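In what follows, a structure is listed as structure tokens, so that the remarks can point back to it.
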Amino acid sequence: MKVETGTLNGVLIFIPTPYRDERGLFTRTFDASIAAAHGLNPASFVQDSQSRTIRGGIRALHGRAGQGEAKLVRCARGAIHDVLVDARPDSPTYGAQMSVLLDDESFAHLYVPPGLLHGYQALTEADVCYRIDREHDPAEDISVRYDDPDLAIDWPLPVTAISRRDLAAGSWRRVRSVLEAAAPASPEV
């Protein structure tokens with residue numbers, strides 16, 4: 001398994017090596033020793049979830065306030081355009097975004113550190129699997145609209161479906177002001 005670093009601080013991309021033969025293929029989707037060698041605590045993941053999204057559907061930019069939430073994300077079936085936005089005021093990549101193709105051909109999966117907003121658009125009907133390091137607490141949910149003008153995310157397809165919750169999400173400007181107000185003050189030198 002190869003590991004690459006993303007353009008946002010702390011993001012890792014795990015790229016398995018599938019073994020193919022006349023029956024099809026076999027690949028590892030997670031390896032605790034490789035994760036640990038790259039600074040992750042594999043035992044900290046406490047919940048696995050899966051979603052299915054229709055082609056063109058968007059699951060918009062979600063994150064968690066407080067301690068945040070780390071997750072491993074992979075596309076088990078189909079393909080997605082995965083988008084991350086750094087929402088950590090103390091990060092050197094704060095406010096920056098990156099995108100990566102996750103699909104069932106490369107089997108790549110993404111480590112999303114706490115404090116990032118995460119969303120994706122399905123390029124085909126797609127099943128996405130998440131391995132999360134905290135129990136879900138709806139009181140800590142934060143979200144930003146998929147079409148926020150300040151972020152100007154370039155979604156590759158016309159939007160075919162989006163939830164009411166995602167349509168009602170806040171602006172990046174508003175979420176930023178809340179995050180910055182909650183961030184600890186820098187010590188004076």
Theoretical FRET efficiency, 1/(1+(r/R0)^6), r = Cβ-Cβ of residue 167 and residue 27, R0 45 Å, to 0.05: 0.80
Compare the peptides 61-69, 38-46 by average per-residue count of other Cβ atoms within 10 angstrom and give them in order, highest first. 61-69, 38-46
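Based on the mean of other beta carbon atoms within 10 Å per residue, what is the order of 85-98, 130-143, most packed first? Walk me through the numbers before you get to the answer.
Values: 85-98: 17.1, 130-143: 14.6.
Highest-to-lowest ranking by the protection proxy: 85-98, 130-143.
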Could you tell me the distance between the Cα centroids of the stretch 48-90 and the stretch 143-159, to the nearest Å? 14 Å
Take the Cα coordinates of the stretch 57-126, assign each an equal point scatterer, and use the Debye formula without solvent to give log10 I(q)/I(0) at q = 0.13, 0.19, 0.24, 0.27 Å⁻¹. -0.36, -0.72, -1.03, -1.20
Which of 2, 71 has the fewest Cβ neighbours within 10 Å, and the rest in rising order: 2, 71
With unit charges on the beta carbons (Lys and Arg positive, Asp and Glu negative) and the dipole taken about the Cα centre of the chain, which residue among 79, 41, 182 sits farthest to the positive side? 79
Contour minus Cα-Cα span, residue 182 to residue 90, at 0.36 nm per residue, comes to 32.0 nm
Ranked by GNM mean-square fluctuation in the chain (Cα springs under 10 Å), the top entry among 74, 173, 145 is 173
In degrees, nearest ten, helix 172-182 long axis to first principal axis of the chain (Cα): 70 degrees
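Values quoted throughout were computed directly from the atomic coordinates according to the rules given, and no laboratory measurement underlies them. Here the structure is a predicted model, which is why all the values come from computation and not from measurement. Glycine also receives a Cβ, built like all others from the backbone with ideal geometry; neighbour counts cover every protein chain displayed.
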